[in-house]
Amino acid sequence: MCGIVGYVGHREATDVLIEALKRLEYRGYDSSGLATLSTGRGKGRLRVLKSPGYISALEKRIKTGSSRIGISHTRWATHGVPNEVNAHPHMDGEQNVAVVHNGIIDNHLALKRELARKGHEFLSQTDTEVIPHLISEEYRHNGGNLFEAVREVVKRLKGSYAIVVLHRDHPDILVCAREKSPLVLGTGVNEGFIASDVTALLRYTNRFIFMEDGEIAKVAADGIHIEKISGGTVAHEWTRVDWSLEDAEKGGFKHFMIKEIFEQPRSLHQSQTGWRSDENSIPADLATARIIRIVACGTSYHAGMVGRYLFEKFTGLPTIVSMASEYRFADATSDDPLMIFITQSGETLDTIMAAREARSRGLKTVAITNVVGSTITRETDLTLYMRSGPEIGVAASKTFTSQLMMMYLFSSYLGYRMGYIKRDDLNSIKEHLRHTIRSVEGILNNTGPIREMAEWFSGSSSAFFLGRYVNYPAALEGALKMKEISYIHSEGYPAGELKHGPLALLTEKTPIVALVAGDHTYEKMLGNIGECSARGSPVVAIAPDGDVEIGRYTDRVLHYPRVDPLFSPIPISVLLQLLAYYTADHRGCPIDKPRNLAKSVTVE
Ligand code: F6R
């Protein structure tokens, strides 16, 4: 939620601030802004420019640049409507301090009242605006030490923040601090960078420091200095990130999402081959778990739901899946579960807080994430990486199938270590997974029928996605993808549940997407398809190649290359991603930036 950038160095700051910000647009895109300190005529003046809408709108307002230092922001509104006044950066009354902020300041109302009593006036409805006002007060009292002024101010903030501060009397440094919102520092030759994540800076550097909660940093062209907010210096190792710039660009595709869908044979392969090194990092005591609990949000939660069936099958352990936002408010049980947190970004605040809580209760915790150095990696005992490469499209695609891959690999490996399944079983699962990747390739090589179906589907206003067993979560995920990018109201259901209420909604205008795998649920699925057809609803069956029986129940069938049914959620999910994508494209939707959404949900 919200992306922030800071730059100081020898380049034109405006160019870097815009270029890097565009790569963070997935984090929020309702308004944007930047502040620079001019180095040419009008030296020493903070220039602030803001615009509602996408970053391209801000870019159009830029006339000239002549600065070597600045900050920028792309917003996902929490306090105040998305307009120019509420866009960041925010300034103090004297226009000396500019601040960009990602997060929520819970005690902003009390701070605002206190400042108002001292005569401060506020222009925006945001929680952020109190920060520059507090800094300017503190700065005046401490005799002009910006670093210490920011330190004293952030000590007073409650909630979550990543902030970057620019002061007109300090043309050589930026000060930044973090608490529960991500912040990375980068370095080049005589230049320093700050951003919400590494993809923003890949064009300039691949050497990063991941700041931790409770830290404050001074970033200058000639170096970076980090301290704890509570006092005391901090020495961080530089981390090298191997993602390339091309990974974070569209590469000729119309949208990031379709590029990322097409990348899945590679990302799945990377997840599977990368697992070999992760296996060795799994401590023996994980295999003593008696119960497993998976915690995640959104798409990652759906991956966890598939995982539940797999952990139960391969380890024999009862497995519970919880939404992170709910887990935290449930009563603790006396069980001693192995806790698995799935989060693509590693920054979803609900998931992070759930992990923190589990750890504080002394539970064993494992994170599954895609982003090296992300916050979740510091909140759990062990991190397993998905290795999907950067995902920019707001709707998760390749990271979902990588999460599924991780569920198959982790559950079977744990089961093997527990002695519940044999080495031969483990090898056979790995072979099935390799075959599943080939099945995904098959789908991507033949998208014509999916495009045609999407064209027909795009006229709908409401749809149901049905599945059973491992394909019940695949149905939930298919419906989520469809609703978030095409804006067609879509619900995922366990197919057997439809007759307990939702059937009342079926008409000839309500398409049903029925997920079929040739497993023990097959006959029951056919029955459910019959129930829907009998109510006049058009049914689109997603069925394996060679299934001729299905043609007797519906004439709308999309086939996927046959795999063992247990592994079918992977090809089926790719097919449903394509169906959602082409439907949304046909409807002219802004696929990479669906309205009201953001990729990284760093508010609770
Ligand atoms: C939907 C989507 C979201 C995320 C959710 C959790 O396409 O991407 O539902 O899955 O916000 O995000 P992570 O996995 O980063 O914790």
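The values are calculated or read from the model by the stated rules, or taken from the named source; none is laboratory data. As the structure is a prediction and not an experimental result, all values here were calculated from the model. Ideal geometry is used to build each Cβ from the backbone, glycine not excepted, and the neighbour counts take in all protein chains shown. Note: accessible area is taken over every heavy atom of the protein model, side chains too, but ligands, DNA and RNA are not part of it. Shrake-Rupley method; radii C 1.70, N 1.55, O 1.52, S 1.80 Å.
Give the residues of the stretch 277-298 that are away from the ligand (no atom under 16 Å from the Cβ) and among the aliphatic types (A, V, I, L, M), sorted by residue number. Passing the criteria: I282, A284, L286, A287, A289, I291, I292. Considered as a group, the residues in the stretch 392-426 that are open to solvent by 10 Å² or more (accessible area, probe 1.4 Å) and within 28 Å of F262 (Cβ to Cβ) include one that is farthest from the ligand (Cβ to nearest atom), and that residue is I392. Among the numbered conditions (1) over 30 Å from G3 (Cα atoms); (2) open to solvent by 30 Å² or more (accessible area, probe 1.4 Å); (3) free of Cβ contacts under 8 Å to residues at least 60 places away in the same chain, tell me where L363 comes up short. Of (1) over 30 Å from G3 (Cα atoms); (2) open to solvent by 30 Å² or more (accessible area, probe 1.4 Å); (3) free of Cβ contacts under 8 Å to residues at least 60 places away in the same chain, only one is false for L363: (2).
Within the stretch 316-333, count every residue that is surrounded by fewer than 22 Cβ atoms within 10 Å (Cβ to Cβ) and either within 13 Å of the ligand (Cβ to nearest atom) or over 30 Å from V394 (Cβ atoms) (or both).
The total comes to 8.
For the stretch 45-66, taking the residues that are in contact with a Gly (Cβ under 8 Å, 6 or more places away or on another chain) and among the small types (G, A, S), the one that is farthest from V8 (Cα to Cα) is identified as S51.
Looking across the stretch 334-345, the residues that are within 16 Å of the ligand (Cβ to nearest atom) and without any contact (Cβ under 8 Å) to a residue 60 or more places away in the chain come down to M339, F341, T343, Q344. Flag not set for G551, criterion: away from the ligand (no atom under 16 Å from the Cβ) and part of a loop (DSSP other than H, G, I, E, B). Give the residues of the stretch 496-527 that are farther than 18 Å from P565 by Cα, part of a loop (DSSP other than H, G, I, E, B) and either out of contact with any Ser or Thr (no Cβ under 9 Å at 6 or more places or on another chain) or open to solvent by 90 Å² or more (accessible area, probe 1.4 Å) (or both), sorted by residue number. G501, E508, K509 - these are the residues of the stretch 496-527 that are farther than 18 Å from P565 by Cα, part of a loop (DSSP other than H, G, I, E, B) and either out of contact with any Ser or Thr (no Cβ under 9 Å at 6 or more places or on another chain) or open to solvent by 90 Å² or more (accessible area, probe 1.4 Å) (or both). Looking across the stretch 463-485, the residues that are under 18 Å from S537 (Cβ atoms), out of contact with any Pro (no Cβ under 8 Å at 6 or more places or on another chain) and either modelled with pLDDT under 95 or not in a strand (DSSP E or B) (or both) come down to G478, A479, M482, K483. Please indicate, with yes or no, whether at least one residue in the stretch 299-315 is open to solvent by 10 Å² or more (accessible area, probe 1.4 Å), away from the ligand (no atom under 16 Å from the Cβ), hydroxyl-bearing (S, T, Y) and at pLDDT 95 or above. Scanning the stretch 299-315 turns up at least one residue that is open to solvent by 10 Å² or more (accessible area, probe 1.4 Å), away from the ligand (no atom under 16 Å from the Cβ), hydroxyl-bearing (S, T, Y) and at pLDDT 95 or above. Consider the stretch 181-237 and keep the residues that are of a type in the set (S, T, Y) and touching a residue at least 12 places away in the same chain (Cβ under 8 Å). The one that is farthest from I18 (Cα to Cα) is S230.
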